[in-house]
1. Kindly evaluate His171 against the criterion of being of a type outside the set (Gly, Ala, Ser), touching a residue at least 60 places away in the same chain (Cβ under 8 Å) and open to solvent by less than 60 Å² (accessible area, probe 1.4 Å).
2. For region 135-156, how many residues meet the condition of being out of contact with any helix residue (DSSP H, G or I) (no Cβ under 7 Å at 6 or more places or on another chain) and of a type in the set (A, V, I, L, M, F, W, C)?
3. Could you identify the single residue in Ser30, Ser85, Ser45, Ser79 that is within 16 Å of Leu167 (Cβ to Cβ) and among the hydroxyl-bearing types (Ser, Thr, Tyr)?
4. Filter the strands (runs of 3 or more DSSP E) completely within region 1-80 down to those with at least 2 residues that are crowded, with 16+ Cβ neighbours inside 10 Å.
5. Is it fair to say Thr142 is polar (S, T, N, Q) and touching a strand residue (DSSP E or B) at 6+ places or on another chain (Cβ under 6 Å)?
6. Any residue that is among the acidic types (Asp, Glu), at pLDDT 90 or above and either closer than 19 Å to Asn39 by Cβ or touching a strand residue (DSSP E or B) at 6+ places or on another chain (Cβ under 7 Å) (or both) - is there at least one of those in region 130-139?
7. Of the residues that sit in region 127-157 and are surrounded by 13 or more Cβ atoms within 10 Å (Cβ to Cβ) and among the polar types (S, T, N, Q), which one is nearest to Val72 (Cα to Cα)?
8. Residues to consider are Thr166, Thr183, Thr176; find the one that is within 21 Å of Lys212 (Cβ to Cβ) and either in a helix (DSSP H, G or I) or not aliphatic (A, V, I, L, M) (or both).
Amino acid sequence: AEMNHYVCPEVNDGTDIDIVDGRHPVIEKSVKDEDFVPNDIHLDSREQQIMIITGPNMAGKSTILRQTALTVLMAQMGSFVPAESAQIGLVDRIFTRIGAQDEIHAGQSTFMVEMIEAANILHHATDRSLLILDEIGRGTSTYDGVSIAWAMVEYVHNHPQMRAKTLFATHYHELTELAELFTNIKNCNVAVREWMDEVVFLHKILPGGTDKSYGIHVAKLAGVPKSILERSKEILEELEST
């Protein structure tokens, strides 16, 4: 803990999670050319029960989700944690729906696995649970996916017994409208800056939602042929205009 600049968290019998300058204990060790960018996370059952996190791929949404879960787990097992300070209310379970996997041998598609995991979470979470949800609804058509994700967020917010603290990362920008409808849902985004037709990832959480995913830029970074990128931009402009 001393070597890695961890701090002793305050674990209490409340329900708030308050992490100041939290870091990912594994990723911060593997960052080569830049220092790891810490982030604050605050969740409670009164004003900020659900955080909807938007922002492009590569910006660090999944890292923020994972480091929050790890910090809560480390604190409750008696460890010091990678943060400037942390107050952690007791959590009964950490539920995660992250990534994608197929259970082809069992006849289950990626989306079916996603829905089975989501159903398990929604049936068993309590007001002391921490939910880590990454890209719910992405395995089906856009309208289907948005509808399922929207209804799930509403359910977690409105359920009288559950009201679990939730980090919900999504590319469905439509979901940012939920913060206007429900007082206990807040939007935040992982910051980027555009500079000379390039995108710079800042890896910092800011208040408010975003309306861009920068998917074509990420495809460019991956080495997708230039002609495909240019055609993608044309198609995107057509779709957005209609």
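1. Working: of a type outside the set (Gly, Ala, Ser): yes; touching a residue at least 60 places away in the same chain (Cβ under 8 Å): yes; open to solvent by less than 60 Å² (accessible area, probe 1.4 Å): yes.
So His171 fits the description; yes.
2. If we filter region 135-156 for residues that are out of contact with any helix residue (DSSP H, G or I) (no Cβ under 7 Å at 6 or more places or on another chain), which is where we start, we get 135, 141-145, 147-148, 151, 154, 156.
In the following step, the residues that additionally are of a type in the set (A, V, I, L, M, F, W, C) were identified as 148, 151, 156.
Of the residues in region 135-156, 3 are out of contact with any helix residue (DSSP H, G or I) (no Cβ under 7 Å at 6 or more places or on another chain) and of a type in the set (A, V, I, L, M, F, W, C).
3. Working: Ser30 fails: within 16 Å of Leu167 (Cβ to Cβ); Ser85 fails: within 16 Å of Leu167 (Cβ to Cβ); Ser79 fails: within 16 Å of Leu167 (Cβ to Cβ).
Going through Ser30, Ser85, Ser45, Ser79 in turn, just one is within 16 Å of Leu167 (Cβ to Cβ) and among the hydroxyl-bearing types (Ser, Thr, Tyr): Ser45.
4. Values: elements: 10-12, 17-22, 39-43, 50-54.
Correct list: 17-22, 39-43, 50-54.
5. Numbers: polar (S, T, N, Q): yes; touching a strand residue (DSSP E or B) at 6+ places or on another chain (Cβ under 6 Å): no.
No, not satisfied.
6. Here is the first cut: in region 130-139, the residues among the acidic types (Asp, Glu) are 134-135.
Still in the list and also at pLDDT 90 or above: 134.
From what is left, the residues that are either closer than 19 Å to Asn39 by Cβ or touching a strand residue (DSSP E or B) at 6+ places or on another chain (Cβ under 7 Å) (or both) are 134.
Within region 130-139 (the criterion being among the acidic types (Asp, Glu), at pLDDT 90 or above and either closer than 19 Å to Asn39 by Cβ or touching a strand residue (DSSP E or B) at 6+ places or on another chain (Cβ under 7 Å) (or both)), the answer is yes, since at least one residue qualifies.
7. Taking region 127-157 and keeping what is surrounded by 13 or more Cβ atoms within 10 Å (Cβ to Cβ), we get 127-140, 145-150, 152-154, 156-157.
So of that shortlist, the ones also among the polar types (S, T, N, Q) come out as 129, 140, 147.
Details: Ser129: 11, Thr140: 32, Ser147: 30 Å.
That would be Ser129.
8. Details: Thr166 fails: within 21 Å of Lys212 (Cβ to Cβ); Thr183 fails: within 21 Å of Lys212 (Cβ to Cβ).
Thr176 is the lone residue from the list that is within 21 Å of Lys212 (Cβ to Cβ) and either in a helix (DSSP H, G or I) or not aliphatic (A, V, I, L, M) (or both).
The values are calculated or read from the model by the stated rules, or taken from the named source; none is laboratory data. In this text the structure is predicted, and so the values were computed from the model without any measurement. Don't worry about glycine lacking a Cβ; one is built from the backbone with ideal geometry, like all the others, and counts go over all protein chains shown. Only protein heavy atoms, including side chains, enter the accessible area calculation; ligands, DNA and RNA are left aside. Shrake-Rupley method; radii C 1.70, N 1.55, O 1.52, S 1.80 Å.
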